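Read through the structure below, which is laid out as C-alpha cells, and then see the notes.
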Ligand SMILES: [Zn+2]
C-alpha cells in the first residue's frame, strides 16, 4: 500500500531522505536529502527551470540572497501578518496551531470562537486553554557583531529574517531586470531556493517542514489582461505537472480559494490540491497578487515601479500572476504516484515507477557473476560507455541478480543491463525492464 509510512520507510532505507540531524536525535521540521533524493529533487527542479525559464523567451531567472533587508518584510506585510493563531494548554503547557486542532475554524479564529469548539488538548486530553495569540513564523536572526549584553535598541537594529518566501527576492529585482533587459510585458521572473517558516507544529514528513525549497514565478502583466494571463499560467501548470512530471491527472484537483481564506495580497487564488496517501493537501498555488507588492515596494523604497509601454507610452505599475510550488510537496507527490507494490511470478515486490526523466538512475549495469574477471571487465566497459553518454548510470555487482533487480526496482531505475557469457561472444546484453520485468537482448551499440 502506498501509505505515508511505507514511503517514509523506503526513503530512509534507500537513501532518498533522512531525518535532519539524525545523529543527534533529529531537529523537528527538518529533513536531509540523501544521494538518491538529491538526484530526484534536482531532476524535478531542473525540469521546472527548463520548462518555465530556458524554453521561454519571456521569463528571466534570478537567485537572490536569503537574508534580505528587513524593510522587505515590512513592505510585503510579513512583519504584520505572517502569523499563525497559537494556543497554549494551561495544564501541560503544550502549544498548538488553533486552526489545526479544532474543526470548522480558520487562521483568523478568535479566543471565544476557539473555546466554543470545546477542543480537548491532543497531548493531555484536558480542556483548559489560554488565549489565542498571534505567532509570527519568520525566523529571526542578527546580522553583524551583536553581543548578548547589547541594549535592546542596538540588537534590534541588527535584526534580520531568513526569507519566508522566495517571491520577495523576485519583486525586489523587478526594477533591476527592467533596467538591464528592457523586457516588454508580459514577462516573468523566476526563482528557486530555500524559504523558512517557523511552523508551530511541523508534521506529515516533508509536507510541513520549517525549511523548504520553493519554485516561484512572478509574471508581470498589464492590469487589463490579468484574467487571460491567469488562464495561461493555469494551463501551463497543468501541462507541467501532468505531462512533464507525469503526475496522475485524476489526483490533481483545483480549489478556488474563497476570499476570506486568501492571502492578504490576493484577488484570486487557485490551490492545486493533490491526493497524497494521507489525504488531500496543497501541491501548488496560483495567485493573482495584483500590484500589491510593487506598490508597497514603491512606497517603502521611494522608487518608481512604473513600466512604460514602448509603443503606446502608457505608464503603469504592472499586475502579477504567481505560480508557486513547494519542491518537497512535489517530491512527495512524485514518490507517492510512483510507489507501487505488485506481484511477479508469485513474489511480492516494491517498485518505484518513476518517469525516466526523473529517476535518479537511467541504467544499472552489472556482470551476471562478479567472480568472473572477463565478465566484470566487459561490464565495466559497458558501464563507462553508458556513463559517458547518459551520466546517471549506476553500477551494481552485489548479491545475486535477483537481489539487484529488487533493489533497482525500489529506487526506480528503469533499465538493468546485464553482461553475461554471450556478451563476450556477440556484444549483446540483456536489458530488463523495471515495470514489466521483461528481458530483451540488445546490441551494445544500440543502447
Ligand atoms: Zn495539555
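In table form, for the structure just shown:
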quantity: Number of the condition not met by residue 146 [criteria: (1) in contact with a helix residue (DSSP H, G or I) (Cβ under 7 Å, 6 or more places away or on another chain); (2) crowded, with 18+ Cβ neighbours inside 10 Å]; calculated: (2)
quantity: Single residue of segment 75-89 satisfying the filter (in contact with a helix residue (DSSP H, G or I) (Cβ under 6 Å, 6 or more places away or on another chain) and over 16 Å from residue 139 (Cβ atoms)) that is nearest to the ligand (Cβ to nearest atom); calculated: 87
quantity: Members of segment 278-310 that are touching a residue at least 24 places away in the same chain (Cβ under 8 Å) and part of a loop (DSSP other than H, G, I, E, B); calculated: 278, 291, 303, 305, 309, 310
quantity: Residue match in segment 128-135 (condition: assigned to a loop (DSSP other than H, G, I, E, B), modelled with pLDDT of 90 or more, within 14 Å of the ligand (Cβ to nearest atom) and loosely packed, with under 13 Cβ neighbours inside 10 Å); calculated: yes
quantity: Criterion violated by residue 220 - all others in (1) under 19 Å from the mean Cα position of the chain (by Cα); (2) outside any loop (DSSP other than H, G, I, E, B); (3) in contact (Cβ under 8 Å) with a residue 60 or more places away in the chain; (4) surrounded by 20 or more Cβ atoms within 10 Å (Cβ to Cβ) satisfied; calculated: (1)
quantity: Residues located in segment 103-127, provided they are more than 10 Å from the ligand (Cβ to nearest atom) and over 30 Å from residue 162 (Cα atoms); calculated: 103, 104, 112, 113, 114, 115, 116, 117, 118, 119
quantity: Residue match in segment 87-95 (condition: touching a residue at least 60 places away in the same chain (Cβ under 8 Å), outside the structural domain of residue 291 (by TED's automatic domain parsing) and surrounded by fewer than 18 Cβ atoms within 10 Å (Cβ to Cβ)); calculated: yes
quantity: Of all residues making up segment 404-447, the number that are part of a helix (DSSP H, G or I) and more than 32 Å from the chain's Cα centre (by Cα); calculated: 9
quantity: Total residues in segment 35-60, condition surrounded by fewer than 15 Cβ atoms within 10 Å (Cβ to Cβ) and touching a helix residue (DSSP H, G or I) at 6+ places or on another chain (Cβ under 8 Å); calculated: 0
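Results for (1) touching a strand residue (DSSP E or B) at 6+ places or on another chain (Cβ under 9 Å); (2) surrounded by fewer than 20 Cβ atoms within 10 Å (Cβ to Cβ); (3) assigned by TED's automatic domain parsing to the domain that holds residue 241; (4) under 30 Å from residue 338 (Cβ atoms), shown as yes or no for each residue.
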position: 273; (1), (2), (3), (4): yes, yes, yes, yes
position: 280; (1), (2), (3), (4): yes, yes, yes, yes
position: 305; (1), (2), (3), (4): no, no, yes, no
position: 313; (1), (2), (3), (4): no, yes, yes, no
position: 322; (1), (2), (3), (4): yes, no, yes, yes
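The values are calculated or read from the model by the stated rules, or taken from the named source; none is laboratory data. Just so it is clear, the structure is predicted and the values come from calculations on it, not from any experiment. For neighbour counting, all protein chains shown are included, and Cβ atoms are generated from backbone atoms with ideal geometry for every residue, glycine included.
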